[in-house]
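Presented below is the structure to which this report refers.
The values are calculated or read from the model by the stated rules, or taken from the named source; none is laboratory data. Computed from a prediction, not measured in an experiment: that's the story for all the values here. Neighbour counts run over all protein chains shown; Cβ positions are idealised from the backbone, glycine included. Surface accessibility is based on the protein's heavy atoms, side chains included, excluding ligands, DNA and RNA. Shrake-Rupley method; radii C 1.70, N 1.55, O 1.52, S 1.80 Å.
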Amino acid sequence: MNKLSTSAKIYLTLVFIVLYAPIFYLIFYSFNSGGSMNNFESFTLEHYQAVFEDSRLIVILINTVIVALLSAFISTVIGTLGAIGIVSLKDAKMRNTLLSLNNVLIVSPDVIIGASFLILFTMIGIKLGFVSVLLAHVAFSVPIVVLMVLPKLLEMNSSLIDAALDLGATKKDVMMRVILPYIQPGIFAGFFLALTYSLDDFAVTFFVTGNGFSTLSVEIYSMARAGISLTVNAISGLVFLVTILVVIGYYVMTSRTRKRTEGRP
Amino acid sequence: MQAKTAKSSLFPYLLWIAFFVIAPIALVVYYSLLDIHGHFTFSNYQAFFSSVYLKMTLSSFWYALLITFFTLLISYPTAYFLTKTKNKQLWLLLIIIPSWINLLLKTYAFIGIFGLYGPINAFIEIIGFDPQQMLFTDASFIFVSVYIFIPFMILPIFNSLDRLNPTLIDASRDLGASSFTTFRRVVLPLTMDGIKSGIQVVFIPALSLFMITRLIAGNRVITLGTAIEQQFLVTQNWGMGSTIAVFLILFMVIIMLITGQKDKGGRVR
């Protein structure tokens, strides 16, 4: 393969700088003792301290994490079961219909998901707050899990199931000891994606969150609308740290399971 | 026996489809036929075809077009060069990581960067010009949107370039094509699928942005998304909001038919 020319390297470097500069700009000024994002006066951790002392903010952080974990877990269960169900359908037409319906929420703009869920929750009388946000997050995470699990199920050799049944396994055994271990990487990926989608979501949550309940994204939005506050910068420092940790954790986990499955015959 | 387990495992999934895919769309269509007092009417559709809303739709399309164009312009070469780096998967990951940082935080950063006393204006002053208000302009809105969408555009293009068989390029060179001809006649057509799904992943969300318009463009730019948010959460006219949503869904379907894709792709919020 031909090597990169100097101009290509400069171009790539520029793109990387532009992509990362705003993030590091935020983090840099989170240590500023002055109150703005312009003049760096001196190093301080007071803004981080402010985050941890603000009990309202801590509650919102906990809410965000709880919603993310719960919605990722529930949607992983529904999505995995759904994918197993779709694959076992014999009717190809039915299968394709389900797959198209599955993709509707993936391609729909967030505003439409948010607005239509707002109508839905109001119609069936679900109070806007924790429950509505959780339901909405589960709803938009399910199709992603299905898409992550489906390829694994399709590449699985069906003779594995036949062999297990011939050897006297019950259908529960087949599920727990053959299918689930095989598609485990897909389930992992689905859970992880669902988690990041939930943590990142702003638009849908913005529509279905009531007055009393808030997640981090919605809270940052209202803080940003009010103007610059270095507390937000401190939050970005923390978010960046957590993101990097999650990425590293995910890679360690997937490479470990990959090694394990590759070790198998 | 196997089939029976599968059927019951499908049950929660089917419930999900009924409640969160079919019901919401049906409700949006239903509400688009109601006026603010809940009476049946076509007036929302009439209103949509008035000059105010048509103008807004056009300008929303224009912004989405500009955003998609600049995103593609920057992303294609980036993806192309990325496939030529040594540890391309690692570099790709580094490009993707910024897209995982909360969107609100990235947008918030630009409030500071473009601010009257921000680093860009400081630079402008150094080279001898007067500082300018850059927030709340069209240019800043487009810049921030492009910034947000770049990783989402790079990913599908990178994948299609990565799948490209390098011997095809060698063959084209051996047959005497210049590198520009090779690019135009071989590389570009073969990566069209990646470009199309990239456009799809950027254009539809760009039509429906509302957070960036509010924070960066003030009230200067009104996209379809902003209008929906306004109708639903500020004016509380759900009927009109639903009507705009119906048209946004229609536009989405048309765009997807044009860019003809079975491929999935990321989502931007």
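Scanning the stretch B:208-245 for residues that are open to solvent by 20 Å² or more (accessible area, probe 1.4 Å), hydrophobic (A, V, I, L, M, F, W, C) and part of a helix (DSSP H, G or I) gives B:Leu233, B:Val234, B:Trp238. In summary, helices (runs of 4 or more DSSP H) completely within the stretch A:1-97 and bearing 3 or more residues that are in contact (Cβ under 8 Å) with a residue 40 or more places away in the chain, closer than 30 Å to A:Glu155 by Cα and more than 10 Å from chain B (Cβ to nearest Cβ) occur at A:55-88. From the list A:Phe213, A:Phe240, the one residue that fits, being of a type outside the set (Asp, Glu), open to solvent by 10 Å² or more (accessible area, probe 1.4 Å) and at pLDDT below 90, is A:Phe240.
The set of residues in the stretch A:177-201 being open to solvent by less than 50 Å² (accessible area, probe 1.4 Å) and not hydrophobic (A, V, I, L, M, F, W, C) consists of A:Pro181, A:Pro185, A:Gly186, A:Gly190, A:Thr196, A:Tyr197, A:Ser198, A:Asp200, A:Asp201. When residues in the stretch B:114-147 are screened for being within 16 Å of A:Tyr25 (Cα to Cα) and in contact (Cβ under 8 Å) with a residue 60 or more places away in the chain, 2 of them pass.
Could you tell me how many of the residues in the stretch B:151-182 are in contact (Cβ under 8 Å) with a residue 12 or more places away in the chain and either open to solvent by 30 Å² or more (accessible area, probe 1.4 Å) or of a type in the set (A, V, I, L, M, F, W, C) (or both)?
Of the residues in the stretch B:151-182, the ones in contact (Cβ under 8 Å) with a residue 12 or more places away in the chain are B:151-162, B:164, B:168-169, B:172, B:182.
So of that shortlist, the ones also either open to solvent by 30 Å² or more (accessible area, probe 1.4 Å) or of a type in the set (A, V, I, L, M, F, W, C) (or both) come out as B:152-155, B:157-159, B:161-162, B:164, B:168-169.
Number satisfying all stated conditions: 12.
When restricted to residues that are within 19 Å of B:Thr243 (Cβ to Cβ) and either within 7 Å of another protein chain (Cβ to nearest Cβ) or part of a loop (DSSP other than H, G, I, E, B) (or both), the stretch A:103-157 contains 12. Would you mind finding the one in B:Ile36, B:Ile25 that is in a loop (DSSP other than H, G, I, E, B) and not small (Gly, Ala, Ser)? Being in a loop (DSSP other than H, G, I, E, B) and not small (Gly, Ala, Ser) holds for just one of B:Ile36, B:Ile25, which is B:Ile36.
Restricting B:Leu92, B:Leu82 to those that are over 30 Å from B:Leu248 (Cα atoms), open to solvent by less than 10 Å² (accessible area, probe 1.4 Å) and touching a residue at least 40 places away in the same chain (Cβ under 8 Å) reduces the list to B:Leu82.
For the stretch B:200-207, the criterion of being touching a Gly at 6+ places or on another chain (Cβ under 6 Å), of a type in the set (Val, Ile, Thr), under 29 Å from B:Phe158 (Cα atoms) and crowded, with 19+ Cβ neighbours inside 10 Å is met by at least one residue. State which residue is farthest from A:Leu4 (Cα to Cα) when the search covers only the stretch B:83-100 and only residues that are of a type outside the set (A, V, I, L, M, F, W, C) and in a helix (DSSP H, G or I). Among them, the one singled out is B:Ser99.
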